[in-house]
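Each remark here refers to the structure printed beneath this line.
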Amino acid sequence: MSELINADGSPLSQRKPFHTTSDKYTFIPTHDIIRDFDSLGWKVEDTKYGKPRSRERIGFQKHMVIFGEKTPSFTKNDVSPRIVVVNSHDGSSAFRFNAGLIRWVCENGLIVSDQTFGDVSIRHINYTYAELKRVMEEFMQRIPTMHNTVEKFMSTKMTTENNRQFAWEAGVVRFGEEKMSRVKIDDILTPRRTQDNVETVWNTMNVIQENLIRGGVTIEGIKKSSKPRKTREVRSVAMNVEVNKAVWQLATQYSNN
């Protein structure tokens, strides 16, 4: 991972902001964030880079860093907490701190909605090691609530009708309503592993999230003569976060019905 962080053109190694940012812009090097998380016992598990607006913004664009505990201590029901940090060095994105989970059976990462976990954030202007430590302590205190929500998702049964409605609502977030009318919903609801065949809120949300993010969903052409196409994996950092949070919030709604 150190090679990835220090690679040329990586926003993880950037030491200065993009030249067009204003004097009021507070630059937080992601390299420093990674160092601070490391000292608190969290390591980089994965990274995702957004597409820069132009070639000169390569290394400054929006990016996502996913952190996991070095020594797992909060794993329950084969689920462990994750922290998802979104940052940029060109002013295209605010510094964001999101709660997340990883489901080990498929290594599927989820992002928890703000409504469920509450607001745990650090403003650019307030970022210090001491502030990160305070927020991390708050995050750790809320992990049991996150696990309780997962258990509720696991114990709540879903009907076929509810599954399809869930898939439609989540699909609209990913594709928009017009395009969603041409999407094959069965593709969104097709499990990638046998243990997800049991219709619970937890399994449904994982199936839907995984298919929307990883791709492979069929979309019919606008014209009858057009060939259908398969969606690709989501590369946009913003869309990844938006779909994840929407799926989690929908799961919360269905578990409360």
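The values are calculated or read from the model by the stated rules, or taken from the named source; none is laboratory data. Given the structure is predicted, the values throughout are model-derived calculations rather than measurements. In this analysis, Cβ positions are derived from the backbone assuming ideal geometry, glycine residues included, and neighbour counts consider all displayed protein chains.
Some observations on this one:
- Answer from Glu169, Glu151, Glu131 - the residue that is free of Cβ contacts under 8 Å to residues at least 24 places away in the same chain, assigned to a helix (DSSP H, G or I) and acidic (Asp, Glu): Glu131
- Residue-level analysis places Met146 among those that are aliphatic (A, V, I, L, M), assigned by TED's automatic domain parsing to the domain that holds Val86 and within 29 Å of Val86 (Cα to Cα).
- Between Arg55, Arg82, the distinction of being without any contact (Cβ under 8 Å) to a residue 24 or more places away in the chain and either surrounded by 13 or more Cβ atoms within 10 Å (Cβ to Cβ) or assigned by TED's automatic domain parsing to the domain that holds Gly109 (or both) belongs to Arg55 only.
- Breaking point among (1) modelled with pLDDT under 90; (2) within 30 Å of Ser88 (Cα to Cα); (3) small (Gly, Ala, Ser), for Gly216: (1)
- Hits in segment 219-257 - residues which are outside any loop (DSSP other than H, G, I, E, B) and more than 28 Å from Lys157 (Cβ to Cβ): Ile219, Arg229, Lys230, Val237, Ala238, Met239, Asn240, Val241
- Entry remark, segment 35-75: residues being of a type outside the set (Lys, Arg) and part of a strand (DSSP E or B) number 13 in total.
- Residue match in segment 173-189 (condition: in contact with a strand residue (DSSP E or B) (Cβ under 8 Å, 6 or more places away or on another chain), among the acidic types (Asp, Glu) and closer than 17 Å to Asn244 by Cβ): no
- Residue within segment 60-72 that is in the same structural domain as Thr145 (by TED's automatic domain parsing), free of Cβ contacts under 8 Å to residues at least 40 places away in the same chain and either out of contact with any Phe, Trp or Tyr (no Cβ under 9 Å at 6 or more places or on another chain) or at positive phi (or both) present: yes
- Among (1) free of Cβ contacts under 8 Å to residues at least 24 places away in the same chain; (2) assigned to a strand (DSSP E or B), the one test that Asp32 misses: (2)
- Tally of residues being within 25 Å of Arg96 (Cα to Cα) and touching a strand residue (DSSP E or B) at 6+ places or on another chain (Cβ under 7 Å) across segment 216-242: 3
- The residues in segment 131-172 that are at pLDDT below 90 and aliphatic (A, V, I, L, M) can be counted, and the count is 6.
- Contact map, segment 188-204: first residue modelled with pLDDT under 90, second residue in a helix (DSSP H, G or I), Cβ cut-off under 6 Å, separation 6 or more or different chains; pairs are Asp196/Asn203; Asp196/Val207.
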